[in-house]
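Student: Provided herewith is a single structure, encoded as C-alpha cells, for subsequent inquiry.
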2 protein chains.
Amino acid sequence: MAPTPIPSLDMLIRKLESIARLSDEERRAIERLPITGRHLAAHQDIVREKDRPSQCCLLLEGWVCRYQVLSEGKRQIFSFHIPGDIPDLQSLHLRVMDHSVCTMTQATVAFIPHEAMLELTATFPGIAAILWRDTLVDGAVFREWMTGMGRRTALEAVAHLFCEMYVKLEAVGLARDHGYRLPLTQADLGDALGLSNVHVNRTLREMRESGLITLHSGKLEIKHWQELAKLCDFDPTYLHLERLAA
Amino acid sequence: MAPTPIPSLDMLIRKLESIARLSDEERRAIERLPITGRHLAAHQDIVREKDRPSQCCLLLEGWVCRYQVLSEGKRQIFSFHIPGDIPDLQSLHLRVMDHSVCTMTQATVAFIPHEAMLELTATFPGIAAILWRDTLVDGAVFREWMTGMGRRTALEAVAHLFCEMYVKLEAVGLARDHGYRLPLTQADLGDALGLSNVHVNRTLREMRESGLITLHSGKLEIKHWQELAKLCDFDPTYLHLERLAA
DNA sequence: CGGAAGTTTGACACAGATCAATCTAAGTGG
DNA sequence: CCACTTAGATTGATCTGTGTCAAACTTCCG
C-alpha cells in the first residue's frame, strides 16, 4: 500500500557472505529472487500466530520482534530483529506460525515467496546451510534469554540484553562507540525479560545512577562497556559471529 | 569403551519419515551413514561448551539434556531429549558449542561424523529440509520454555513441562495412558524451569494434593489430562507434530 | 548395614509484582 | 503557537511468590 522504492537484496547477500563466500552463480540466483518491498508503520503485525504464511520477510530497515500473547493477556517477547534478519525464516519449514511477528518501529521489509526460497535452497546447498545456520543462531539466542529469565537478576538480564543488541547492531554497521538507538518502551523490555514495566524502570534507574549507561529519547549509551559486560557475564560466543574470531 | 551392540539407523529413518516420505535412494543413503554406537552412563557429558565437535549424536535410548553453567555456579537446562533426537545437530553448522549436552540416565547413542552428515544433506536437499525443520522445532520449544519462565507461575510451568514431555514421548511410542518414566530429580526440574529445588518440591506437592498427578520412583502419572492442560494453557501446536493434524 | 543422593518441611528473607498516583514529553487539532 | 490528549516514565506503598538456609526424613544401592 505504501509507496515502495526498489528494495535491495544486497542486504541479504552481505549477510550471507559474512558467513561464507558465495559463488557468482549463487549470488546471481539470489539477485533473481522475486521480492516485494514494503514500508510498514510501527506496531503492526507482519504475521500472526496460526497463520500459514507463503512468504518470508527480510527486514531492511527498522526493528521487529517476535512475540506471543498468553490467554491471560500477558505478552512474552521472544526476540528482537534488526536489518538483515529474516525473522520468520522458520515458516519456510514449519507451516503454522506458533507466534506472531510485529514491527517495533517503522520498517522496510522485502517479502520473498517460500516457493522461490525453497527452490533456491534445494539448488544451492551452500545457501541452505547458511540460512539454516542463521536459524540455529536464533536458537542460541533463545537459550541465552532462557538463562536470563531463569538464572539472572533483573539487573543482569537488562545489562545482558543491552550488550547483546549492541554486538548485533555493531556487527552489521548499525552501532558504534557503544551507543545505539533503542526503540523500545520499558514495557517492551519487561515483556522480553519476564519483568514488570515498573521493575524495568527501577532497574534502569539503578544502571543510570551507577553511571553504567545513559538512556533518553531512545538513545542508549553504554558508558562502561567492560563493567557492564562483566556485571552480566556477557560472552558473545553464542552469537556465533565468525568475524569476531578473526 | 562399553560393549557395543549394533545400533540402528531405523530410529533416524522413522523419525524423518514421520515428517516426509523418503525415496528409496534417500533411505539407502541414510543406511550407509558410518555410525559408531556407544553406551553411556548417567550424568556424563557428551559434548561440552567450547568444544568443536566433529560428529553428531543420535540418541537411541535414554534421556539427555542440554545445559549451561553460569559463572556463579547456577545451572540452566535448555532442553530434554528423548530417543530419536539429535540433541547436538546444531554443531553441524555452528562450530563452537555454546552449551553442553549430558546424559540424565544410562543412554545408548550413535555418533555420526559431520562429514557424512554434510555430504548427505548436500546431496539430498529433502533430508536437509527435514533435519533443518527439526532444529526449528527445537527453537519453538525454547520459545515455549521462555514463556514458561517469563510469564508462567511455578505451577503452570511444571504442568506445562509435564504435558510437553508426555506429548513428545507419546509421539514416538514411549508413553501412553498419560503416564511415563520421568528420570529427573526435583533439582533438574528446577534448573530447567528457573526454580529452586525446594519450590519445585512444594509445587509438586500441590499438584499431588489436588489429585492432578502422581509421581514416585520416577513414574509420572497424569490423572486428569484435561485439567492439567487447561491449568497451564497447553497447546501442542508449537511441537509441530504433523501427525496431530491428521 | 551404612552412606549418599534425593525429598520433604519449616522459618525467614527478599526480589520483583501489583496498584495507584503523578509527572513528562511528544504529538494533534484548532 | 498553544491548549489538550495520550503514551510512556517515574515514584511510593504494599503484597507475594519464590529463594535461601537448615534440618530431618526416605530411598536406594553397594
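The values are calculated or read from the model by the stated rules, or taken from the named source; none is laboratory data. Since we're looking at a predicted model, the values are computed, not measured. Here the Cβ positions follow ideal geometry from the backbone for every residue, glycine too, while neighbour counts run over all protein chains shown. Accessible surface areas use protein heavy atoms only, side chains included; no ligands, DNA or RNA. Shrake-Rupley method; radii C 1.70, N 1.55, O 1.52, S 1.80 Å.
Student: Restricting to the stretch A:178-193, and then to whatever is in contact (Cβ under 8 Å) with a residue 60 or more places away in the chain and among the hydrophobic types (A, V, I, L, M, F, W, C), can you tell me which residue is least open to solvent (accessible area, probe 1.4 Å)?
Tutor: Once the filter is applied, the top-ranked residue is A:ALA192.
Student: Which one of these is part of a loop (DSSP other than H, G, I, E, B) and within 14 Å of chain B (Cβ to nearest Cβ): A:SER71, A:SER79, A:SER91?
Tutor: Answer to the check: A:SER71.
Student: Note down all Cβ pairs under 7 Å where the first residue falls in the stretch B:194-206 and is of a type in the set (D, E, K, R), the second is at pLDDT 95 or above, and they're at least six residues apart or on different chains.
Tutor: Every condition considered, the pairs that remain are B:GLU206/B:LEU155.
Student: Another one. Check whether at least one residue in the stretch B:170-183 is more than 7 Å from chain A (Cβ to nearest Cβ), away from DNA strand C (no atom under 14 Å from the Cβ) and in a helix (DSSP H, G or I), and report yes or no. Break it down into steps so the answer makes sense when it comes.
Tutor: Going residue by residue through the stretch B:170-183, those that are more than 7 Å from chain A (Cβ to nearest Cβ) are B:170-183.
In the following step, the residues that additionally are away from DNA strand C (no atom under 14 Å from the Cβ) were identified as B:170-180.
Filter once more, so that each one left must be in a helix (DSSP H, G or I): B:170-171.
Yes, the conditions are met somewhere in the stretch B:170-183.
Student: Here is a further query. Does at least one position in the stretch A:170-177 carry a residue that is more than 15 Å from DNA strand D (Cβ to nearest atom), open to solvent by 20 Å² or more (accessible area, probe 1.4 Å), basic (Lys, Arg) and farther than 28 Å from A:LYS15 by Cβ? Lay out the reasoning, then the answer.
Tutor: Initial filter on the stretch A:170-177 (more than 15 Å from DNA strand D (Cβ to nearest atom)): A:170-177.
Cutting the leftovers down to open to solvent by 20 Å² or more (accessible area, probe 1.4 Å) gives us A:170-174, A:176-177.
Among the residues that remain, those that are also basic (Lys, Arg) are: A:176.
If we keep only those that are farther than 28 Å from A:LYS15 by Cβ as well, we get none.
Within the stretch A:170-177, none of the residues are more than 15 Å from DNA strand D (Cβ to nearest atom), open to solvent by 20 Å² or more (accessible area, probe 1.4 Å), basic (Lys, Arg) and farther than 28 Å from A:LYS15 by Cβ.
Student: Further, regarding this structure: Cβ-Cβ distance below 7 Å, separation of 6 or more or different chains: which pairs start in the stretch B:1-18 with a residue that is over 18 Å from B:GLN106 (Cβ atoms) and end on one that is modelled with pLDDT of 50 or more and open to solvent by 70 Å² or more (accessible area, probe 1.4 Å)?
Tutor: That search, which allows pairs on different chains as well, returns B:LEU9/B:GLU31; B:SER18/B:ARG243.
Student: Within the stretch B:24-39, does at least one residue satisfy the condition of being within 16 Å of the chain's Cα centre (by Cα) and outside any helix (DSSP H, G or I)?
Tutor: The answer is no, given that none of the residues of the stretch B:24-39 is within 16 Å of the chain's Cα centre (by Cα) and outside any helix (DSSP H, G or I).
Student: Moving to a separate point now. Give me the residue from the stretch A:194-216 that is in a helix (DSSP H, G or I) and open to solvent by less than 40 Å² (accessible area, probe 1.4 Å) and, out of that set, nearest to DNA strand D (Cβ to nearest atom). Steps first, please.
Tutor: Of all residues in the stretch A:194-216, those in a helix (DSSP H, G or I) come to A:197-209.
Adding the requirement that they be open to solvent by less than 40 Å² (accessible area, probe 1.4 Å) leaves A:200, A:203-204, A:207.
Values: A:VAL200: 8, A:THR203: 10, A:LEU204: 5, A:MET207: 10 Å.
Filtering the stretch A:194-216 for residues that are in a helix (DSSP H, G or I) and open to solvent by less than 40 Å² (accessible area, probe 1.4 Å), the one nearest to DNA strand D (Cβ to nearest atom) comes out as A:LEU204.
Student: In the stretch B:86-110, what residues are open to solvent by 20 Å² or more (accessible area, probe 1.4 Å) and not β-branched (Val, Ile, Thr)?
Tutor: B:HIS93, B:ARG95, B:GLN106
Student: Tell me whether the stretch A:145-157 contains one or more residues that are more than 14 Å from DNA strand C (Cβ to nearest atom) and surrounded by 24 or more Cβ atoms within 10 Å (Cβ to Cβ).
Tutor: Yes; the residues of the stretch A:145-157 include at least one that is more than 14 Å from DNA strand C (Cβ to nearest atom) and surrounded by 24 or more Cβ atoms within 10 Å (Cβ to Cβ).
Student: Then there is this: If you go through the stretch B:220-232 one residue at a time, do you hit one that is away from chain A (no Cβ under 14 Å), farther than 19 Å from A:MET146 by Cβ, within 13 Å of DNA strand D (Cβ to nearest atom) and modelled with pLDDT of 95 or more?
Tutor: Checked the stretch B:220-232: no residue is away from chain A (no Cβ under 14 Å), farther than 19 Å from A:MET146 by Cβ, within 13 Å of DNA strand D (Cβ to nearest atom) and modelled with pLDDT of 95 or more.
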